[in-house]
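Accompanying notes for the structure given below.
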Amino acid sequence: QHPGRRSGAPVARLLAVRARRRAVLHAAAPAAPGHLRPDPHDILDVGCGTGEISSRLAGLFGKARVTGVDLIEPHLELARSRYASLGERLTFQQADAFELPFADRTFDFVYAHGVVQYAADDARVVSECHRVLRPGGTAMFQVYNRISWLHVLSKVMKTPLEHEDAPVLRRYSI
């Protein structure tokens, strides 16, 4: 068991995490086209991890250049090796969401899945994503909704949300 994790139903927790990841990969990225300019040229995936969503975005927008950034270099190494076949269209680099290493107005679409709710300064992350977004571009942030079915289900099932033991975890509502 991971240090700091609460004991509980590890199999149920694992299944919930896997189901959530599948839902994001199959629902969140395909929903993006309806909210974007018809043909985004430059896409940024903040907190890309091992590149699953970045690769889906590259597949959805065949002419776009997708850049995935993450803090953890071993994740980026895995992403680079997994998606090398996409060549220059999909690149990965180490970067901090608080200080993105890009010029102002670089991207048509900025996507951040599971980043903002763990940031010590969530407003700074959103501001930095806005800085690199072109006028008329779209930014999408996946965060935990405190009144969502997932949150309620985690309480009913007594199964904590993924990373509930993180130093910072915020839940939002709109």
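A few remarks follow.
- Stretched out straight at 0.36 nm per residue, the stretch from Glu77 to Asp121 would grow longer than its current Cα-Cα span by 13.1 nm.
- Here segment 81-149 has 52 percent of its accessible surface on carbon and sulfur atoms, given a 1.4 Å probe and all protein chains in place.
- 11 Å beta-carbon shell around Leu90, net charge (K/R +1, D/E -1): +3
The values are calculated or read from the model by the stated rules, or taken from the named source; none is laboratory data. Model, not experiment: these values are computed from the prediction. We place every Cβ from the backbone using ideal geometry, glycine too, and count neighbours over all the protein chains shown. Just the protein is used for accessible areas: all its heavy atoms, side chains included, with ligands, DNA and RNA removed. Shrake-Rupley method; radii C 1.70, N 1.55, O 1.52, S 1.80 Å.
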